[in-house]
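The values are calculated or read from the model by the stated rules, or taken from the named source; none is laboratory data. These numbers come from a predicted model, not from an experiment. Here the Cβ positions follow ideal geometry from the backbone for every residue, glycine too, while neighbour counts run over all protein chains shown. Calculation scope for accessible area: heavy atoms of the full protein, side chains included, ligands and nucleic acids excluded. Shrake-Rupley method; radii C 1.70, N 1.55, O 1.52, S 1.80 Å.
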Amino acid sequence: MGTTPGPWIIEGQTDPFAYITASGMVVARCGSRDEGSPGEHASNAHLIASAPDLYAACEAFEKSWRDSGGVGGDVRELIAAALTKARGGSKP
């Protein structure tokens, strides 16, 4: 897959924008002067920054399921960590 390798991190949060970077390169910018709230922009930034982790967790799930017909604890931990990052570090 031709994507920028992770980790992606949130840097340079300036109202109303947040920048998602990888190895110092901007991958995405979230925010709008006209629409949405700062909280919404921050949530979007967390979700985008977690994309490589979520993708890796899905790949691990697929492999585990294909190889053993089930999901091991290590895969559940990957998924939980990726979802926590997507939620901005908070658990449900």
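Looking only at residues in the range 1-52 that are part of a strand (DSSP E or B) and of a type outside the set (A, V, I, L, M, F, W, C), which one is least open to solvent (accessible area, probe 1.4 Å)?
Thr21
Residues that are hydroxyl-bearing (Ser, Thr, Tyr) and not in a helix (DSSP H, G or I): does the range 53-71 have at least one?
No - not one qualifying residue is present in the range 53-71.
Would you pick out the residues in the range 53-71 that are loosely packed, with under 14 Cβ neighbours inside 10 Å and within 22 Å of Thr4 (Cβ to Cβ)?
Selection gives Glu59, Glu62.
Can you name every residue in the range 63-84 that is among the small types (Gly, Ala, Ser) and free of Cβ contacts under 8 Å to residues at least 24 places away in the same chain?
Hits for the range 63-84 are Ser64, Ser68, Gly69, Gly70, Gly72, Gly73, Ala80.
Here is a list: Ala56, Ala60. Which entry is free of Cβ contacts under 8 Å to residues at least 60 places away in the same chain and under 14 Å from the mean Cα position of the chain (by Cα)?
Only one candidate passes the filter, namely Ala56.
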